[in-house]
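Enquirer: First, the structure itself, so that you have it in front of you.
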Amino acid sequence: MWLESTTGLDRDALHIYCALAIQLFLSLFFRRGLGSPWPWIAVFLVASINEYFDYQGVGDTEASILYFKAEAYHDMWNTMVVPTILMLIARYWPGWMIGRAEKTEASYVVET
């Protein structure tokens, strides 16, 4: 709540930005590429721990537990979508990350 009020961002945006920051930081810190699953796994673990702490504040009623589950799925989705996309692109289509264009026949034509 403190971070929300300080930054002016809502929880969904904070989940996305924090996940991206964790993935990039750990990728640099451990000298792993974004295509490595380890930074992604770390983001998943941090998000899971965050949801566990959120669960500690849930009441005992069935309605509050159902509400928590819906929010937890929503939070995990928001948190993991960008790191997953980055990992898949870096792993399977790394040319997209460095801007390397494929050579075409037109690029080999020499003007005289």
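The values are calculated or read from the model by the stated rules, or taken from the named source; none is laboratory data. Remember, predicted model here, so these are calculated numbers, not experimental data. So basically every Cβ, Gly included, is an ideal-geometry build from the backbone, and we count neighbours across all protein chains shown. With ligands, DNA and RNA removed, areas are computed over all heavy atoms of the protein, side chains included. Shrake-Rupley method; radii C 1.70, N 1.55, O 1.52, S 1.80 Å.
Enquirer: Sorting Ile98, Ile22, Ile85 by accessible area (1.4 Å probe), largest first, what list results? Walk me through the numbers on the way to the answer.
Expert: Values: Ile98 110, Ile22 45, Ile85 90 Å².
Largest accessible area first, the residues go Ile98, Ile85, Ile22.
Enquirer: Still on this structure, I have one more. Based on DSSP H assignment, which helices of the chain show an axial Cα extent of at least 18 Å together with a mean Kyte-Doolittle hydropathy greater than or equal to 1.0? Spell out each step's value before the answer.
Expert: Values: long enough: 11-29 (26 Å, 1.30); 37-55 (27 Å, 0.61); 62-92 (43 Å, 0.48).
Qualifying helices: 11-29.
Enquirer: With unit charges on the beta carbons (Lys and Arg positive, Asp and Glu negative) and the dipole taken about the Cα centre of the chain, which residue among Pro39, Met80, Thr6 sits farthest to the positive side?
Expert: Going by the charge dipole, the pick is Pro39.
Enquirer: Tally up the carbon and sulfur contribution to the accessible surface of segment 1-42 as a whole percent, 1.4 Å probe, everything protein left in place. Kindly include the intermediate steps, with their values, before the conclusion.
Expert: Values: 2130 of 2990 Å².
Summing carbon and sulfur atoms, their accessible area is 71 percent of the total for segment 1-42.
Enquirer: Can you give the accessible area of Tyr67, probe radius 1.4 Å, in Å² rounded to 10?
Expert: 150 Å²
Enquirer: Could you give the dipole magnitude of segment 1-106 about its Cα centre, charging the beta-carbon of Lys and Arg +1 and that of Asp and Glu -1, in debye to the nearest 20? Display every interim value, and only then the final one.
Expert: On the way: 7 positive and 11 negative charges, 152 e Å.
For this selection, approximately 740 debye.
Enquirer: Given that just one value was derived from the coordinates, which of (i) 0.96; (ii) 1.39; (iii) 1.50 is Cα Rg over 2.2 N^0.38 Å?
Expert: Checking each listed value against the structure points to (iii).
Enquirer: Just to be sure I understand: with springs between alpha-carbon atoms less than 10 Å apart, which residue in Val81, Val43, Val58 has the highest mean-square fluctuation in the Gaussian network model of the chain?
Expert: Evaluated over the chain, the most mobile residue of the options is Val58.
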